[in-house]
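The values are calculated or read from the model by the stated rules, or taken from the named source; none is laboratory data. Being a predicted model, the structure only gives us computed values, none of them experimental. Using ideal geometry, Cβ is built from the backbone for each residue, glycine included, and neighbour counts are taken over all protein chains shown. The protein model used for the area step is the full one, side chains on, heavy atoms only, and it has no ligands, DNA or RNA in it. Shrake-Rupley method; radii C 1.70, N 1.55, O 1.52, S 1.80 Å.
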Amino acid sequence: MKKQYMSYQESLDFLYMMEKTYPNLIEIIKIGTTFEGRDIVLAKISKNVETADSKPALLYTGSVHAREWIGHELALKFIEYVADNQTVDPELEKSLNDSTIYMVPCLNPDGYEYSRKHFSFWRKNRRKNHDGTIGVDLNRNFSIGFVKQKDTSSNVYGGEEPFSEAETRAMKDFVDNHDNITIAFDYHSQGNVFFPAHKFMHEAEMDGTDMNVLCANMNDEFAKVTGRKYGIHRGKPPAHLISGSGREYYYNKGIIAIVVEVGTKNIPDYMKSMSGSINENIPALKMAFGEVINYSSHAPKRVEDFTIDSRDANSVKLAWKYEKRDDIFFEIYRSTNDKDACNERTKIGIAGDNFFENSDLASSTNYHYTIRAVNKNTGYKSPFAPIVKVRTWLEDDEFFKLIFANKSGTGYVGQYTQEQNRSHFGLNSLFVGINKSRGICNSVMSFDFDSLPENAIIKSAKFYLYPMNRVAAKIEKFGEWNLSLLEANSFSEVTDFDEIENAKSKGTIGQAIKSSQLTQGIWNNWKFSSHECKLLQEEIKNGTVTFRVDGPKTLPDGEDSQMMQFDIGYGQFGGGIHYRPILDIKYTVENEKIKLPASTLSTISKANIENGLKSGFDKDGDRVYGYLDFDLSQLPNPESTMITQCALRIRNNNKFKKKSDVRYYVELVEVDDARKYEDIKNREQIEYIGYEVAESDLNTKEYQYFKFDTLSKIALDEMHQEGRTLKLVIKPTSSLGIKNRIVEWNSKAELVVKYIEKRRKPVARVENLTLSKENKMIKLSWDKVEDDALSGYYVVRNSFHTPKHFMDGVKIYGGKDTYTYDNFASFDKEKYYAVFSYDNVPNFSKPSIIKYNPLEKY
Ligand SMILES: [Zn+2]
């Protein structure tokens, strides 16, 4: 059976052979003896291995659980790789000079051999318990959160007391005596997911970004080899701490500690799956090994107070604190995806000072930034500052809506669960795919469109769904998960399997998720193409839109499950509003058009000022200016409108037969007195409008359009708000000294203004924000904002700084109530809450902020 996997004795023979072949690189030490008398061994790997303990180190443990063979196999293959490439690969060579690897290929040799030879799904070690049952789960036998269980036959029985087992004692002794360890990986199977350590407080932690990034960077290495992506499940922890696990013990000692669950089966087909898992993890581990030094005392310290200084529709300015040092610079990373890597792919720039401006961004888009300090001389890098999330602001003609899936229309329907399907709505997670007991399962998500105006023109849309568990998707490279927009009248009942299975799709949205990309703990988003945006737009008139996610509908012979689980944020298994499916829509509305006639039309020459619009050169060759102004108070109320486009439209009454080089410019000007030649001549130019017109244009075009560019539109916008007069001058130019050449412009000069109804200013911010404790939760309450324009309140929590805007933290609430509970907040951790009020644009008010202090009574 599974001949390719090495036996424990073969493994020991291999390790001692490697030690003999590479005496300067590898040292094998015995760290304990198992119940059945086997040696537990650890490989020290470093250049000049006798100095290994004086360098920062990576700790690797494999096959703590007997049936999870990948850890053992990967360790042996990794050691072989390091030995073969130590002088070939300069990155590896540098890491081996700077750092050390401590590798325990198999921490549970007794269990492993039992699993190999007799009972492949054995998990524990092979100790005899006091009542005659066999085995302790070693990953429940460490001390942090240890729970003494009665049932010794349980698969997760954690032993009589912490460290009752030789295997865990060996680890404790080693780790307690090696404070040079900075990163620890514990390799398990299965699920293709990273489980970084956390404090089980459901809150962001300072080193959370470090662990997420390390995993994401490993994901980039996997992608190069197999195209696979693992989940990173830290953002939303399980409800309870895993008692007595190794990861928690290492983390508690200040080590970055990560469990890696590899593969989709405990003991996979070696050739088909295991080899791929090993091949993808070798470069990933090599990359992680290179990070070991960056978490040691040799590394620069972490950047503090990394935050958003300002933002607009197309740029973001970031700022932070760091002592001024000539040997330090900063690397800035950006992504639009959740839990993305921070490497060359996402590095957007470097900075020497404590700020960075990032421009040319898309409007109304979520960006995630982080930063690390780098020492110029050593190349060592600091840990990461906690990720900062920012949403760029809207363009003048834009609005956005974040629409959460509605409760009654969101759930899943199973082929064999017809009776229960109704109960799968609004209070369970979504199961999508197929398994033996439920049959085919589809999920349905409905969104109310009543907050969108009927004339909305959708410019972009994204659909976000949070994958919470992929452990039941057990087959590698099988199936894909598709999001479809359902035709509204092609089904009558969302809770009926046949109706949903047979509902007509208007089209699938964005990219399907292939099984190799199924993750958990990382938000998935589907981006709508412009065609798909049009399909979505057609649904606005129905007041609601329904989507279906479906997965594979058949199983290969001998397989029993290919099922994915997504969160809906409702019910006891839901993670609350923060994890609800979201439709993020950016839209504009149809423009209104208004034509404003000029209030004044005059011609200003040295000789006189006359009515009517002319421009050119007089008989002496002196300039004749055309002057026109517009009363902007004729435009709709600036408080609730935005000008989107503007152009001056004029027409010439005369034209010239003989060619000259005269060209005509329109300038937006500031003049004291438009009836004085000197004032016009010495006018203050604010902007040029559009491009100049040549005399040839006067012959060929019926109208001359001078289109306002962005800067002149901004100037116009300010004048509109201040109720000022728009003053324009038509200025002729000639390089040949022309005389006696005057264009007469038609008196029907017009300002063609396109605008939309859009509020400019937010409603007032909330007052009297208070904190209390109720039902073991933190409760926030505030006074109602009395304003018809109020659409709701948005509440966020940030563990590190006061939220700068509504995306700057964890979303707690969005809606019209004047209170909310933070279901997942810890009473023991300091944090900040911000409440924003918003209107239908939405414009967000300045935040009302309150700090939660664990030492205070509420
Ligand atoms: Zn395990």
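Work out from phi, with θ = phi - 60° and the Karplus expression 6.51 cos²θ - 1.76 cosθ + 1.60, the ³J(HN,Hα) of each residue of region 823-828, listed in order in whole Hz, and give x for Gly and Pro.
Result, rounded to whole Hz: 4, 10, 6, 8, 6, 9.
Using per-residue counts of other Cβ atoms within 10 Å, averaged over each peptide, order 657-667, 508-518 from highest down.
Highest-to-lowest ranking by the protection proxy: 508-518, 657-667.
What is the angle, in °, between the Cα long axis of helix 70-85 and the longest principal axis of the Cα atoms in the chain? Nearest 10 is fine, range 0 to 90.
Once rounded, one gets 80 degrees.
When the helix-only estimate is applied to the chain (DSSP H runs of n ≥ 4, each -39,500 (n - 2.57), divided by the residue count), what is the mean residue ellipticity at 222 nm, nearest 500 deg cm²/dmol?
The helix contribution divided over the chain gives -5000 deg cm²/dmol.
Given the peptides 396-407, 698-709, arrange them by the average over their residues of other C-beta atoms within 10 Å, most packed first. Each step should come with its number before you reach the end.
Numbers: 396-407: 20.2, 698-709: 15.1.
So the order, starting with the most tightly packed, is 396-407, 698-709.
State which entries of LYS776/LYS829; LYS55/LYS301; LYS619/LYS658; LYS436/LYS462; LYS776/LYS831; LYS527/LYS593 exceed 24 angstrom in Cα-Cα distance in the structure shown. List each step's numbers first, then the result.
On the way: LYS776/LYS829 14 Å; LYS55/LYS301 18 Å; LYS619/LYS658 17 Å; LYS436/LYS462 33 Å; LYS776/LYS831 17 Å; LYS527/LYS593 32 Å.
In this structure, LYS436/LYS462; LYS527/LYS593 exceed 24 Å between Cα atoms.
Taking Cα centroids, how far is region 143-168 from region 786-815 in Å?
Centre-to-centre (Cα) distance: 44 Å.
Testing the spin-label approximation: label points 7 Å from Cα along Cα→Cβ at GLN721 and PHE121. State their distance in nm.
6.7
Rounded to the nearest percent, how much of the accessible area of region 792-833 (1.4 Å probe, protein heavy atoms only) is carbon and sulfur? Present the calculation step by step, with values, prior to reporting the outcome.
Working: 670 of 1510 Å².
Of all accessible area on region 792-833, carbon and sulfur atoms account for 45 percent.
What does the accessible area per residue of the chain come to in Å², with a 1.4 Å probe and no ligands, DNA or RNA counted?
With the other protein chains kept in place, the chain gives 42 Å² per residue.
Once you order the gyration tensor axes a ≥ b ≥ c over the Cα atoms, which shape class does region 663-757 get: rounded for a/c under 1.5, otherwise prolate or oblate by comparing a/b with b/c?
Oblate is the answer for region 663-757, as a/c is 1.5 or above yet b/c matches or exceeds a/b.
Among the GluC sites (Glu not before Pro) in region 265-329, which ones are in a DSSP loop with at most 13 other Cβ atoms within 10 Å of the Cβ? Mind listing them? Walk me through the numbers before you get to the answer.
Working: sites: GLU280, GLU291, GLU304, GLU323; in loops: GLU323.
Those that pass, being in a loop and sparsely packed, are GLU323.
Helix 710-722: angle to the longest alpha-carbon principal axis of the chain, degrees 0 to 90, nearest 10?
Once rounded, one gets 70 degrees.
If amide hydrogens are placed 1.01 Å from N in the peptide plane, which non-local residues have theirs closer than 5 Å to the one on ILE689?
Residues meeting the criterion, in which the H sits 1.01 Å from N, are VAL666, GLU667, LEU668.
Of the lysine pairs in region 670-729, how many meet both conditions: Cα atoms under 23 Å apart, and a spacing of 8 or more in sequence or different chains?
Lysine pair count for region 670-729: 4.
Can you return the aspartates and glutamates within cross-link range of LYS376? Criterion is Cα-Cα under 13 Å, with same-chain partners fewer than 8 residues away left out.
ASP326, ASP327, GLU331
Please report, in cubic angstrom per residue, the volume enclosed by the convex hull of the alpha-carbon atoms of region 553-635.
It is 293 Å³ per residue.
Which residues' amide hydrogens lie under 5 Å from the amide hydrogen of ASN192, considering only partners 5 or more residues apart or on another chain, with H built in the peptide plane?
VAL262, GLY263
Could you tell me how many degrees, from 0 to 90 and to the nearest 10, lie between the Cα long axis of helix 166-176 and the main elongation axis, the longest principal axis, of the Cα atoms of the chain?
Once rounded, one gets 50 degrees.
Specify whether the C-alpha gyration tensor of the chain places it in the rounded, prolate or oblate class, a ≥ b ≥ c being the square roots of the eigenvalues: rounded for a/c under 1.5, otherwise prolate if a/b is larger than b/c and oblate if not.
Taking the square roots of the gyration eigenvalues as a ≥ b ≥ c, the chain is prolate.
Could you give me the ³J(HN,Hα) list for region 185-198, computed from phi with Karplus coefficients 6.51, -1.76, 1.60 and θ = phi - 60°, whole Hz, x at Gly and Pro?
Whole-Hz 3J(HN,Hα) from phi for region 185-198: 10, 10, 8, 10, 9, 9, x, 6, 8, 8, 10, x, 5, 7.
Is region 641-697 rounded, prolate or oblate when judged by the Cα gyration tensor, a ≥ b ≥ c being the square roots of its eigenvalues, rounded requiring a/c under 1.5 and prolate requiring a/b larger than b/c?
Note, shape of region 641-697 comes out oblate.
Ranking request for peptides 333-345, 169-181: highest mean number of other beta-carbon atoms within 10 Å first, then the rest in descending order. Please report the intermediate quantities before stating the final value.
Numbers: 333-345: 18.7, 169-181: 17.1.
Listed from highest to lowest mean packing, they are 333-345, 169-181.
So what are the ³J(HN,Hα) numbers for region 837-854, from phi and the Karplus equation (6.51, -1.76, 1.60; θ = phi - 60°), rounded to whole Hz, Gly and Pro as x?
Going residue by residue, I get 9, 9, 10, 7, 6, x, 8, 9, 5, 4, x, 9, 10, 9, 9, 9, 10, x Hz, with x marking Gly and Pro.
Could you name the aspartates and glutamates in cross-link range of LYS324, using Cα to Cα under 18 Å and dropping any fewer than eight places away on the same chain?
Filter leaves GLU304, ASP305, ASP353.
In vacuo Debye scattering of region 585-697, one point per C-alpha: log10 I(q)/I(0) at q = 0.15 Å⁻¹?
Debye intensities relative to I(0), on a log10 scale: -0.80.
With the cut-off at 18 Å, tell me which of the pairs LYS286/LYS347; LYS595/LYS748; LYS172/LYS253; LYS286/LYS339; LYS401/LYS816 have Cα atoms farther apart than that. Spell out each step's value before the answer.
Numbers: LYS286/LYS347 20 Å; LYS595/LYS748 11 Å; LYS172/LYS253 11 Å; LYS286/LYS339 20 Å; LYS401/LYS816 15 Å.
Result: LYS286/LYS347; LYS286/LYS339 exceed 18 Å.
Hey, which aspartates and glutamates would be in cross-link range of LYS477, C-alpha to C-alpha under 16 Å, not counting anything within fewer than 8 residues on its own chain?
Once the sequence-local aspartates and glutamates are set aside, what remains near LYS477 is ASP269, GLU280, ASP557, GLU559, ASP560.
For GLN418 and LYS553, what does the FRET efficiency come to when R0 = 25 Å and r is the distance between their Cβ atoms, rounded to the nearest 0.05?
Values: r = 17 Å, r/R0 = 0.67.
Once rounded, the FRET efficiency stands at 0.90.
Which residues' amide hydrogens lie under 5 Å from the amide hydrogen of LYS124, considering only partners 5 or more residues apart or on another chain, with H built in the peptide plane?
Here the answer is ALA66, since their amide H atoms fall under 5 Å of that of LYS124.
Would you give the gap between the C-alpha center of region 829-858 and the C-alpha center of region 331-404, rounded to a whole Å?
23
Quick one: length gained pulling THR133 to LYS779 fully straight, 0.36 nm per residue minus the C-alpha distance?
My answer for the length gained is 227.8 nm.
Given a cut-off of under 8 Å on Cα pairs at least six residues apart, what relative contact order in percent is computed for region 119-186?
After rounding, I find 24 percent.
Find the centroid of the Cα atoms in region 485-520 and in region 41-116, then give the distance between the two in whole Å.
46
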